[in-house]
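Every read-out reported here was derived from the displayed coordinates using simple, explicitly stated rules and does not represent laboratory data. Quick caveat, the model's predicted, so the values are computed rather than measured. Glycine gets a Cβ as well: all are built from the backbone with ideal geometry, and neighbour counts include every protein chain shown.
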Amino acid sequence: MRISTTLFIAALGLGLTALPAAAQYNATINTCGGSEGTIMGHIDWPATNPLWSFDFIRPANSTGENGSGLELRDVYYDGHKVFDRAHVPILNVEYEPGGCGCFRDWSYAQTPYYADGIRPGAESCFADATAGEVETTCEFPTGDSSAPNGIPFDGIAVEEFPSELVLTGHMSASWYRYRMKWHFYTDGRIWPEYSMSSNTATCTGTTHRHHAYWRFDFDLDGTPNNDVVREINPTAGTEITFTTEDVRTWGDPADGIFWDVRDETTGFGYQIVPGSEDLLLPVDPFSRLDAAIAVYDPNELEDGATSLGHCPINLDSFPTYDGEDPIVNGETLTGEDIVFWYRSSGLHVGNDIWECNIVGPTLNPILATDTTAPTPEEMPNGYVLERAYPNPFNPSTTVRFKVAEAQNVTLVLIDALGRQVAELFNGRAEADKYESIRVDGSNLPSGAYTVRLEGETVQGSTRIVLIK
Ligand SMILES: [Cu+2]
């Protein structure tokens, strides 16, 4: 589906004349039509020396029994492959007792919304919206298809911010309006955002819970058979490395449990940190799981539910809705391509029919340079500053560093505003000998901090996140 580099640049030269001057990404739109699985387009961002590169599929062509929203394929960050595919193949809603039962929803029904800068002619399915100009039912709750001024744009919009690129798609399923956004940040973070809204039907005015199940098919660094998943509980100081398929729950949200998916050879990977809104609806007999770790199988893209009555997710029971083997059934993960499932959810209390829940995890990159502990002859920068463990942390974490040549070194803690909030180490560091430094966050507010190492011949930093 991808156009060769030469053709791609030529096509862009023409396209750019019709785009806002601010467009600093390259987009190739293959088609506004197609069928299930058709790649709609490809994006490289920034246009020069791209950090992010991916294909996308519009909701109308997304894969699976019930569609899967704004679907991504072949996602790369800074030359590292991240996902083979990422999407939301399972979506459901459950009413409180006395309400309207439960439903399995679909996410192939694209619905229009406002977005400026729509591309002309055959490319009218793609909008170069400038910042803040995408208006879905979440920003514009009366903007249903019955709105007097109508909603013109039915497609995928892209918005560009100084360190963020955002893709938006909008879907409906009867009473419900769903919005999917992918936020890509220059530092490698991804925020997969799911938003849940409803129209003015009688049922949606009563309390109900929406659940969206993300399917992240990681192929870290392009070698799918050596990715390893860990579950970290920073409060208990425990860590589980999964060797067989499993279904997981957060347990006590205050523990700050998160997951770590990593290429064991290169060290590149992602932390999957639950979104604060996701934590508000802990697992129950209907929602069943917060996360699941499964072996990739091309026949296990969803659980096979084909009707509205197949309400709860069915990943690990026999028979599954389609009568196939369950997705999670104790298979060994070692040497296998791994898929990570994650649940996002939203509570609609029903007193505001148009309320919009904005949910989703944060995916933090684990860069190989943060995780490898090279031997002395492999210290090209003259030092090693390891990634903190645990991270995120509460209230304390540990950072290790060493230098190739003995020297005086300081290690300081810097907050998000660039202020030094603590001196962690100030002294002589011996050659090739690890110093293990504890960072105490008990008197600090939640947030991201930088640990900065400065010596006579070395300088480096690593990022830590305090979650209270
Ligand atoms: Cu709702």
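Can you compute the FRET efficiency between A254 and N426 using 1/(1 + (r/R0)^6), with r the Cβ-Cβ distance and R0 = 25 Å? Round to the nearest 0.05.
On the way: r = 34 Å, r/R0 = 1.36.
Efficiency, rounded to the nearest 0.05: 0.15.
Remark on V328: its backbone amide H falls under 5 Å from those of D316, a criterion applied only to residues 5 or more positions apart or on other chains, H modelled at 1.01 Å from N. Taken one residue at a time, the phi angles of the range 424-431 give Karplus couplings (6.51, -1.76, 1.60, θ = phi - 60°) of 9, 7, 8, x, 8, 9, 6, 5 Hz. Gly and Pro are set to x. Relative to the dominant Cα principal axis of the chain, helix 5-16 is inclined by about 60°.
Expressed in whole Å with the largest first, what are the equivalent ellipsoid semi-axes of the range 376-466 derived from the C-alpha gyration tensor as the square root of 5 times each eigenvalue?
On the way: eigenvalues 107, 32, 24 Å².
Square roots of five times the eigenvalues give 23, 13, 11 Å.
Our coupling estimate for the range 48-57, obtained by passing each phi through the Karplus curve with A = 6.51, B = -1.76, C = 1.60 and θ = phi - 60°, is 9, 6, x, 8, 10, 8, 6, 9, 9, 10 Hz, Gly and Pro reported as x. Distant-in-sequence amide contacts of L333, defined by a placed amide H-H separation under 5 Å and a gap of 5 or more residues or a different chain, comprise T244, E245. Backbone geometry of the range 387-395 corresponds, through the Karplus equation with coefficients 6.51, -1.76 and 1.60 at θ = phi - 60°, to 3J(HN,Hα) couplings of 5, 5, 9, x, 7, x, 9, 5, x Hz, x marking Gly and Pro. A simple count of charges around A47, restricted to other residues whose Cβ falls under 13 Å of its Cβ and scoring Lys, Arg +1 and Asp, Glu -1, yields -3. Placing unit charges on the Cβ atoms of the charged side chains and taking the dipole of the chain about its Cα centre, the candidate lying farthest along the positive direction among G346, G323, V75 is G346.
A straight Cα-to-Cα reach below 28 Å connects K468 with the lysines K181, residues fewer than 8 places away in its own chain not being considered. Our analysis of the chain gives Rg over Rh at 0.99, with the two radii drawn from alpha carbon positions and Rh computed by the Kirkwood formula.
Over all other residues within a Cβ to Cβ distance under 9 Å of N61, the charged ones net out to -1, with Lys and Arg as +1 and Asp and Glu as -1. Using the Cβ atoms and a cut-off under 9 Å, what net charge is assigned to the surroundings of I257, where Lys and Arg are +1 and Asp and Glu are -1? Here the charged neighbours net out to -3. Its relative contact order, with pairs defined as Cα atoms under 8 Å and 6+ residues apart, puts the chain at 12 percent.
Excluding same-chain residues fewer than 8 positions from K433, which lysines have a Cα within less than 17 Å of its Cα? Reachable lysines: K402.
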